[in-house]
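Each remark here refers to the structure printed beneath this line.
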Amino acid sequence: MQLLLDYLFIFAVIYAAMIVVYFATGLTVTWINNRHPDRRIQKHRDGSKRMWLEIRASMHALATSSVLLSAGYFAQTQGWVLFSPLALSWWSFPLMFAVCFVLFDGWFYWGHRILHLPAFYKWHVPHHKSVAPTVWSNDSSTTIDTLIEHGFYLVVWFVLPVPALSVFALRLFDQISGMVGHSGFEYFASRSSRFPSPLICTTFHDLHHSQFHYNYGNFFSFWDRAMGTVHPKYDALVQEMEVTGAVPDTKAARVENSAA
């Protein structure tokens with residue numbers, strides 16, 4: 001019984017922290033977007049009418065994600081893992097953060113691809129009802145969707161000697177960057193977010209929502225480029241934004257009859 005109470009306390013703290021981050025990020029990004037309407041990506045659509053539906057769904061998804069993260073962390077504190085965590089130091093924290101960063105991007109890409117298979121898409125389609133995503137859309141997912149995409153936050157503790165702070169920092173970064181990536185407004189398009197750089201900008205994931213069959217990655221475009229699923233007009237759109245400084249309506253980048 002004491003173990004259960006200890007775990008529930010950890011879950012409650014993590015879930016509360018995730019809710020605070022969700023609303024703090026959402027309100028901040030919305031405030032910025034309202035002052036820069038010209039940065040909207042899909043100028044012919046406005047997804048804000050789905051805000052309350054997305055927030056309600058997000059409360060459930062964040063609870064699921066918090067269960068995964070807290071269960072993995074609790075297992076590590078109890079020694080139920082393959083490797084003891086590295087002692088937290090100036091080198092172990094950034095090293096394991098970087099390792100987890102790269103591994104999670106691969107996990108997310110393939111989990112995301114699985115969710116687009118016909119047998120699994122029914123659990124992912126609620127997320128894609130946000131054709132024009134907003135900052136509130138990031139966690140608007142079903143339980144199965146969240147278990148597949150965020151299962152990494154349970155598994156990683158068992159197979160790597162990760163300092164807890166490295167995983168918590170990754171989860172925090174993932175939450176904030178994911179919400180910015182779903183915001184529907186572009187501020188970061190630059191040479192660093194197009195080929196040959198593996199980094200991405202908000203337009204990358206926005207194209208996934210508006211056209212569905214491209215850009216499955218989370219932090220990088222590496223897997224999409226390697227597997228041929230990067231949107232064929234993505235790099236040109238980013239380059240256009242570099243040259244003009246304006247955000248074009250991605251409706252013009254529509255690719256018909258996609259089979260990617």
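The values are calculated or read from the model by the stated rules, or taken from the named source; none is laboratory data. Not measured: the values here are computed from a predicted model. Glycine also receives a Cβ, built like all others from the backbone with ideal geometry; neighbour counts cover every protein chain displayed.
Looking at the structure I just gave you, is D224 charged (D, E, K, R) and not in a helix (DSSP H, G or I)? Taking the combined requirement at face value, the residue does not satisfy it.
Consider the range 76-113. How many of its residues are closer than 25 Å to T142 by Cβ and either of a type outside the set (D, E) or out of contact with any Gly (no Cβ under 7 Å at 6 or more places or on another chain) (or both)? Total meeting the criteria: 11. Name the one entry in A75, A57, A12, A71 that is under 19 Å from the mean Cα position of the chain (by Cα), within 22 Å of G151 (Cα to Cα) and either surrounded by fewer than 18 Cβ atoms within 10 Å (Cβ to Cβ) or small (G, A, S) (or both). Of the residues listed, the single one that is under 19 Å from the mean Cα position of the chain (by Cα), within 22 Å of G151 (Cα to Cα) and either surrounded by fewer than 18 Cβ atoms within 10 Å (Cβ to Cβ) or small (G, A, S) (or both) is A57. A260 falls short on exactly one of the conditions (1) over 22 Å from the mean Cα position of the chain (by Cα); (2) farther than 26 Å from T30 by Cα; (3) modelled with pLDDT under 90, and that condition is (1).
How many residues, within the range 71-92, are aromatic (F, W, Y) and in contact with a Phe, Trp or Tyr (Cβ under 9 Å, 6 or more places away or on another chain)?
Within the range 71-92, the subset aromatic (F, W, Y) is 73-74, 80, 83, 90-91.
From what's left, in contact with a Phe, Trp or Tyr (Cβ under 9 Å, 6 or more places away or on another chain): 73-74, 80, 83.
Count: 4.
Within the bounds of the range 136-147, is there any residue that is more than 16 Å from the chain's Cα centre (by Cα) and within 21 Å of L68 (Cβ to Cβ)? Within the range 136-147, none of the residues are more than 16 Å from the chain's Cα centre (by Cα) and within 21 Å of L68 (Cβ to Cβ).
Does A87 meet the test of being of a type outside the set (S, T, N, Q), assigned to a helix (DSSP H, G or I) and over 16 Å from A132 (Cβ atoms)? Outline the logic, then answer.
Numbers: of a type outside the set (S, T, N, Q): yes; assigned to a helix (DSSP H, G or I): no; over 16 Å from A132 (Cβ atoms): yes.
Answer is no for this residue.
Go through (1) of a type in the set (S, T, Y); (2) modelled with pLDDT of 95 or more; (3) under 17 Å from the mean Cα position of the chain (by Cα) and name the single condition S130 misses. The single condition S130 does not satisfy is (2).
Within the group L172, L115, L154, which residue is among the hydrophobic types (A, V, I, L, M, F, W, C), surrounded by 18 or more Cβ atoms within 10 Å (Cβ to Cβ) and out of contact with any Phe, Trp or Tyr (no Cβ under 9 Å at 6 or more places or on another chain)? First the steps, then the outcome.
Values: L172 fails: surrounded by 18 or more Cβ atoms within 10 Å (Cβ to Cβ); L115 fails: out of contact with any Phe, Trp or Tyr (no Cβ under 9 Å at 6 or more places or on another chain).
Checking each option against the conditions leaves just L154.
Going by the conditions given, is K49 farther than 29 Å from M96 by Cα and either part of a loop (DSSP other than H, G, I, E, B) or among the hydroxyl-bearing types (S, T, Y) (or both)? No. Return the residue satisfying two criteria in turn: it lies in the range 175-201 and is surrounded by 19 or more Cβ atoms within 10 Å (Cβ to Cβ) and free of Cβ contacts under 8 Å to residues at least 60 places away in the same chain, and of such residues it is nearest to the chain's Cα centre (by Cα). Among those that are surrounded by 19 or more Cβ atoms within 10 Å (Cβ to Cβ) and free of Cβ contacts under 8 Å to residues at least 60 places away in the same chain, it is G178. Figure legend. Inter-residue proximity from the range 30-51: first residues touching a residue at least 24 places away in the same chain (Cβ under 8 Å) and more than 17 Å from C201 (Cα to Cα), second residues surrounded by fewer than 17 Cβ atoms within 10 Å (Cβ to Cβ) and of a type in the set (G, A, S), beta-carbon distance below 9 Å, spacing 6+ or different chains. Indicated pairs: T30/S48.
Assess whether Y121 counts as being without any contact (Cβ under 8 Å) to a residue 12 or more places away in the chain and either hydroxyl-bearing (S, T, Y) or surrounded by 20 or more Cβ atoms within 10 Å (Cβ to Cβ) (or both).
yes
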